[in-house]
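Chemist: Please read through the structure below; I'll follow up with questions.
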Amino acid sequence: MRPSRLKRLLAGEAMKRALVTGITGQDGSYLTESLLAAGYEVHGLTRDPAGAKAAALQDLPGVRPHADRLALHGADATDGAAVSRLVGEVAPQQIYNLAAQSHIGESFKSPAGTVAANALAVANLLEAARSLSERQEVRFYQASSSELFGSPDVVPQTERTPLRPQNPYASAKTCAYHLVRNYRDGYGLFACNGILFNHESPRRPPNYVTRKITLAAARIAAGRQETVTLGWLGAARDWGYAKEYVEAMRLMLSADAPDDYVIATGVAHTIEDLLAAAFDRVGLDWRQHVKTDPAFERPTEVKNLRGDPSKVERALGWRAETTFEELVRLMVDADVKRVAAERNAS
Ligand code: NDP
Ligand code: GDR
């Protein structure tokens, strides 16, 4: 952003100020809306502040009216000097580190880039936060993941389940998880790991299985495609609604003390459950429209994940409200609307 506008924003009254990395992503967009609605000044880090994802974020109904309290900053989180400068200049009271190469399949194709974005960048941010904490209070949230557990023997998984990452994404996230604990224990930094299980929404890109399926169901129902090709159908996941999960992030940074929390619904479903729910919604039988191709499989597959959210409910009063069925319904309905709008526009 232009230095003069940044100066004006920072000179304003003592408003709560948050820095969100990965602001253009699914979670970044919901978190930004939530923080803006709560009166925060929000600073976002993105590699492309003039790009399509940044434009879509700024155009959201929950963002546009608050444009005067949103500032986007162009930087790569793997650039330590840029991160240090940005954190020092913005001086946020809260940092939400959501930036990541977040696709598991892609992490096998780009392991070094994934380690840089998911681990090195976290070291950069924590170091910048530690430095800032010498002159003011700052709280740090890290987007940790159920992928840390790999394919665990223990069901459901809790904050004490052993970490056995199974892919480059999860290995890098495990490094980041430990770094957060190192800074909390070593420097007394208020730093939390949110160990979030899969959470989805109409804002999920279509290269994740939920959105790939809901979009395909909508397109097939509209006669715009005939089949959808997936990878391994044997997985089960604990799927929740992203809009609710960002509230858990905020609660963690508002708590009396920093800690790590599993965020999940506590209920798992298979991909076949997901297919059945999505295709039912548009009156179709999924078995007539699904193909598989090993090209979508991963060298190792994480089989079943189901979280135990009892700690966060007890300590912070957070609980998932949207059921799996409601989530699939709202995603299919959004895609049906999108497909109809595309058809009308063409
Ligand atoms: P997304 O992939 O939608 O968003 C992540 C964002 O990170 C991207 O929009 C990208 O923005 C940014 N980014 C990627 N690499 C870099 C980099 N090197 N420097 C700066 N920014 C970068 O992820 P979600 O919103 O789904 O998830 C948010 C976080 O939570 C991620 O860390 C993810 O790993 C984690 N997580 C997600 C879960 C889920 O189910 N959604 C579950 C558990 C954890 P841009 O291109 O604009 O720079
Ligand atoms: P996941 O989500 O790997 O759990 O990571 P994804 O939706 O990509 O996969 C879920 C399961 O579905 C299987 N699958 C397919 N997946 C994709 N993407 N495309 C397909 O065609 C397909 N067919 C079957 C996968 O193999 C897997 O078993 C998400 C990300 O948001 C991570 O960043 C986050 O940490 C975890 O959730 C928790």
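Chemist: Of the conditions (1) in a loop (DSSP other than H, G, I, E, B); (2) more than 19 Å from the chain's Cα centre (by Cα), Gly266 satisfies every one except a single condition; which number is it?
Modeler: (2)
Chemist: Anything in the range 125-155 that is more than 20 Å from Pro258 (Cα to Cα) and either of a type in the set (S, T, N, Q) or within 21 Å of the chain's Cα centre (by Cα) (or both)? List them, or say none.
Modeler: Glu147, Phe149, Gly150, Ser151
Chemist: From the residues in the range 183-226 that are away from ligand 1 (no atom under 16 Å from the Cβ) and among the hydrophobic types (A, V, I, L, M, F, W, C), which one is surrounded by the fewest Cβ atoms within 10 Å (Cβ to Cβ)?
Modeler: Ala222
Chemist: If Thr229 meets every condition in (1) buried (at least 20 other Cβ atoms within 10 Å of the Cβ); (2) polar (S, T, N, Q); (3) within 12 Å of ligand 2 (Cβ to nearest atom) apart from one, which number is that one?
Modeler: Single failed check for Thr229: (1).
Chemist: Scan the range 11-39 residue by residue and report those that are in contact with a Ser or Thr (Cβ under 9 Å, 6 or more places away or on another chain) and assigned to a loop (DSSP other than H, G, I, E, B).
Modeler: Once the filter is applied, which keeps residues that are in contact with a Ser or Thr (Cβ under 9 Å, 6 or more places away or on another chain) and assigned to a loop (DSSP other than H, G, I, E, B), the range 11-39 yields Gly22, Ile23, Thr24, Gly25.
Chemist: Now, a different point. Those residues that are farther than 14 Å from Val83 by Cα and within 14 Å of the chain's Cα centre (by Cα), I need them from the range 99-122; list them, please.
Modeler: Ala100, Gln101, Ser102, His103, Ile104, Asn118
Chemist: Can you tell me which residue is farthest from Leu284 (Cα to Cα) among those in the range 203-250 that are of a type in the set (Lys, Arg) and not in a loop (DSSP other than H, G, I, E, B)?
Modeler: Filtering the range 203-250 for residues that are of a type in the set (Lys, Arg) and not in a loop (DSSP other than H, G, I, E, B), the one farthest from Leu284 (Cα to Cα) comes out as Arg250.
Chemist: Search the range 323-339 for residues being surrounded by fewer than 19 Cβ atoms within 10 Å (Cβ to Cβ) and not hydrophobic (A, V, I, L, M, F, W, C), and hand back the single one that is farthest from ligand 2 (Cβ to nearest atom).
Modeler: Residue satisfying both the conditions and the ranking: Lys337.
Chemist: Now for a separate question. Within the range 236-291, which residues are surrounded by 19 or more Cβ atoms within 10 Å (Cβ to Cβ) and among the small types (Gly, Ala, Ser)?
Modeler: Once the filter is applied, which keeps residues that are surrounded by 19 or more Cβ atoms within 10 Å (Cβ to Cβ) and among the small types (Gly, Ala, Ser), the range 236-291 yields Gly240, Ala242, Ala248, Ala264, Ala268, Ala277, Ala278.
Chemist: To continue, here is another question. Hey, could you check the range 168-201 for residues that are of a type in the set (Ser, Thr, Tyr) and under 27 Å from Phe108 (Cα atoms) and say which is nearest to the chain's Cα centre (by Cα)?
Modeler: Filtering the range 168-201 for residues that are of a type in the set (Ser, Thr, Tyr) and under 27 Å from Phe108 (Cα atoms), the one nearest to the chain's Cα centre (by Cα) comes out as Ser201.
Every number here is computed from the coordinates shown, using simple stated rules; none is lab data. Keep in mind that this is a model prediction, so the values were computed, not measured. Every residue, glycine among them, receives a Cβ derived from its backbone with ideal geometry; neighbour counts consider all protein chains shown.
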